[in-house]
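Structure first, then comments.
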Amino acid sequence: MKPHTAVLETEVLAAFAPVQLHTVFDGTVGAGGHAAALLQSHPEIERYIACDRDPAAHAIATERLRAWGKKVEFVHSSYSDLSTILREKQIPTIDGFLIDIGLSSMQLDVAERGFSFRYPEAPLDMRMNPDAPRTAADLVNRLPERDLETMFREYGEEHRARAAARAVVSARKKRPIRTVGDLLHVLEPVLRKGKLHYATLVFQALRIAVNDELKELESGLSAAVEHLSVGGRLAVISFHSLEDRIAKNFLRDRAKSEQLQLITKKPIMPTHIETRQNPRSRSAKLRVAEKIGTSHA
């Protein structure tokens, strides 16, 4: 399994360069690419909280970050649990908060995770945390047609959401939809072909729903602002318009209320060199803000 290439690594380092980072919360440590870069660039870091809900990521990051020893503290959880995690670790404030909320290469490239339509025989899973209670197969086989349509439209921005939902419900009456290939077979006749794979937006919608990603993002950002020290910074890397819209609106609203100062008025995008080297980075957007309000203590 190839480790995830850290997206916008140079730009993330530049975002945190002016800050004395004594305590950092990395909410999606993944394979540890951003973590290694920040730990290398900020020797003043005393505690680096490496959080991820994917245990496979922890296994890789543990080896990659071994050189920094006890500075790195691994947590198997969602970044939306930030307040609880910091309370348990008796950490009142953090100087840096980073989340990279895209799928990693190591998730896409492992067939049995069910994230990619390159593996039609894979189970239709899509859980970032394998211990989570429901899979994508559970949703497509159990949700009412109207709920499926809403999910495909709101989370996938799929224009043919109604046709896709109707096709799913019709197919599952004959036999359960268990694998990636089962769902592709159902969707192919009803979704338009174009530059994107016809199933991309439905798969996006299912992944967001299975992992409750949008609520996680809202909760995590709120907690980050609460616990950031004055002068501390938060950075969010998103990969589709729904995530970026939430991040943009959240940071803008907190800037209006004078809790944050926007460091990036427009999102930072990967360079052409990066997108050539790592095509999966092409839709990445980085937004950064700095805490200017009263510190939580």
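The values are calculated or read from the model by the stated rules, or taken from the named source; none is laboratory data. Because the structure is a prediction, the values reported are computed rather than measured. Backbone-built Cβ (ideal geometry, glycine too); neighbour counts: all protein chains shown.
Worth a mention:
- The range 219-241, residues that are buried (at least 18 other Cβ atoms within 10 Å of the Cβ), farther than 15 Å from H22 by Cα, in contact with a helix residue (DSSP H, G or I) (Cβ under 7 Å, 6 or more places away or on another chain) and not β-branched (V, I, T): G220, L221, A223, A224, A235, S238, H240
- Residue that is surrounded by the fewest Cβ atoms within 10 Å (Cβ to Cβ), among those in the range 34-65 that are in a helix (DSSP H, G or I) and at pLDDT 95 or above: Q40
- Leading residue by the ranking (nearest to E11 (Cα to Cα)) among those in the range 239-297 that are in a strand (DSSP E or B) and in contact with a Gly (Cβ under 7 Å, 6 or more places away or on another chain): E290
- Of the residues making up the range 49-65, those that are touching a residue at least 12 places away in the same chain (Cβ under 8 Å) and of a type in the set (G, A, S) are A50, A56, A57, A61.
- Some residue of the range 95-105 being over 28 Å from V230 (Cα atoms), in contact with a Gly (Cβ under 6 Å, 6 or more places away or on another chain) and crowded, with 17+ Cβ neighbours inside 10 Å: yes
- Given (1) modelled with pLDDT of 95 or more; (2) more than 25 Å from A17 (Cα to Cα), index of the condition G114 fails: (1)
- Per-region count, the range 66-84, residues under 18 Å from H22 (Cβ atoms), part of a helix (DSSP H, G or I) and without any contact (Cβ under 8 Å) to a residue 60 or more places away in the chain: 4
- Number of the exception - D147 against (1) acidic (D, E); (2) within 26 Å of R53 (Cα to Cα); (3) out of contact with any Gly (no Cβ under 7 Å at 6 or more places or on another chain): (2)
- If you filter the range 85-94 down to residues that are surrounded by fewer than 22 Cβ atoms within 10 Å (Cβ to Cβ) and in contact (Cβ under 8 Å) with a residue 24 or more places away in the chain, you find that the one that is nearest to A235 (Cα to Cα) is T93.
- Single residue of the range 169-199 satisfying the filter (among the hydroxyl-bearing types (S, T, Y) and free of Cβ contacts under 8 Å to residues at least 24 places away in the same chain) that is farthest from Q259 (Cα to Cα): S170
- Residue tally, condition under 29 Å from I246 (Cα atoms) and outside any helix (DSSP H, G or I), over the range 184-195: 5
- Residues of the range 197-217 include at least one that is farther than 30 Å from F97 by Cβ and among the aliphatic types (A, V, I, L, M).
- Within the range 37-66, the residues that satisfy the criterion of being of a type in the set (A, V, I, L, M, F, W, C) and more than 25 Å from R87 (Cα to Cα) are A37, A56, I60.
- Given (1) in contact (Cβ under 8 Å) with a residue 60 or more places away in the chain; (2) over 30 Å from T150 (Cα atoms); (3) in a loop (DSSP other than H, G, I, E, B); (4) not small (G, A, S), index of the condition E226 fails: (3)
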